[in-house]
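Report on the following structure.
The values are calculated or read from the model by the stated rules, or taken from the named source; none is laboratory data. What you see is a predicted model, and the numbers here were worked out from it, not measured in a lab. A quick note on method: Cβ atoms are made from the backbone with ideal geometry, for glycine too, and the neighbour counts reach across all protein chains shown.
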């Protein structure tokens, strides 16, 4: 169910009307709207209070309520399809529900947050020491070797992934994906899970590394070129905290690196240049040893904006070759739900209020080869190592 053209015109014209008048006219114009019988102003107000929303003027509040109501309509229409079994994922309100899809993309700078630098040093080998550490961890946790794939892998459940974080209004997904990968690999290596500093990467791993702060970057560059070669480690998030939306001067000298963060680098699991190497099985194999960093397409933005749970199988989100990517996340595992639907599970960086506690699932076909996968997720698979 969509808002009528007349209602949309009312949203545009009623910039000087009171909020209550706006809500009343909106509902009178579109009687089929799901919130009929309930004050739209009240519903919007409850949502705004929950998310501590404040607006600079009555006009801005009216505009945001109009967008929120459009989002509300889209959510309810989509969830009817979910209830009928036509799709595997459902939508819900979150802190971004008063943004248009374009504003949502701009908020996270998705148009430039991934910078596909020339690919160098493909498939760097993992050190023998790290392989031995992985084997000891697998033995202690009852995990199988990568030559005998598990039916499911969940590094979050193993306590090897830090909590949900929020990059806010900054195109820094590359930094959050890089720290998430390093945090998990370090925890697997030495048993100590420490939240690492995204702000250090944003401030200190700059253009010379192929990164550009809040205007985008590449996770592998941050780990290999900065953490390994320049810094010899990275500070904790506690000692070098995140300042949402800012690229500042490098303050790395003000804190000590976290012990155990001198990484050997970050490798591609297979060559991104060769589509024939793309393989769901190879990604599953890598996931048995640790979470991996992936680059994806976060379009269509309107669907990502309101994702709340289930297995994302949107046909419009790239199942093609050379899918353009604009976002980075941490792939933490794979599994199968109670209905036998196979999935990948990712930790995102849009806060715990988004998705399933900050996570999203994609549909998984373990036989997929020579293909980009859902939303291009099989194009770039990066794995930090010691």
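Things worth noting here:
- Within segment 166-180, if we keep just the residues that are buried (at least 24 other Cβ atoms within 10 Å of the Cβ) and within 18 Å of residue 357 (Cα to Cα), the residue that is farthest from the chain's Cα centre (by Cα) turns out to be 180.
- Subset of segment 238-253 [out of contact with any helix residue (DSSP H, G or I) (no Cβ under 7 Å at 6 or more places or on another chain) and either farther than 21 Å from residue 209 by Cβ or touching a residue at least 24 places away in the same chain (Cβ under 8 Å) (or both)]: 238, 239, 244, 245, 246
- When 109, 94 are checked against the criterion of being touching a helix residue (DSSP H, G or I) at 6+ places or on another chain (Cβ under 9 Å), outside the structural domain of residue 201 (by TED's automatic domain parsing), on the phi > 0 side of the Ramachandran plot and crowded, with 18+ Cβ neighbours inside 10 Å, a single residue qualifies: 109.
- Answer residue from segment 243-262, given it is under 25 Å from the mean Cα position of the chain (by Cα) and over 22 Å from residue 292 (Cα atoms) and is modelled with the lowest pLDDT among those: 245
Conditions (1) surrounded by 24 or more Cβ atoms within 10 Å (Cβ to Cβ); (2) more than 17 Å from residue 82 (Cβ to Cβ), marked per residue:
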position	(1), (2)
310	no, no
360	yes, no
367	no, yes
372	no, yes
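- Just one of the listed residues (276, 247, 332, 261) is more than 21 Å from residue 163 (Cα to Cα), touching a strand residue (DSSP E or B) at 6+ places or on another chain (Cβ under 9 Å) and surrounded by 16 or more Cβ atoms within 10 Å (Cβ to Cβ), namely 247.
- Test: residue 217 is in contact with a helix residue (DSSP H, G or I) (Cβ under 6 Å, 6 or more places away or on another chain) and either modelled with pLDDT under 95 or assigned by TED's automatic domain parsing to the domain that holds residue 183 (or both): yes
- Matching residues, segment 260-319, being in a loop (DSSP other than H, G, I, E, B), under 25 Å from residue 370 (Cβ atoms) and either out of contact with any helix residue (DSSP H, G or I) (no Cβ under 6 Å at 6 or more places or on another chain) or not assigned by TED's automatic domain parsing to the domain that holds residue 364 (or both): 272, 273, 274, 278, 299, 300, 313, 315, 316, 319
- Scoring residue 265 on the criteria (1) on the phi < 0 side of the Ramachandran plot; (2) within 23 Å of the chain's Cα centre (by Cα) leaves a single failure, condition (1).
- The requirement of being under 27 Å from residue 154 (Cβ atoms), within 24 Å of the chain's Cα centre (by Cα), at pLDDT 50 or above and part of a helix (DSSP H, G or I) is fulfilled nowhere in segment 87-105; no residue meets it.
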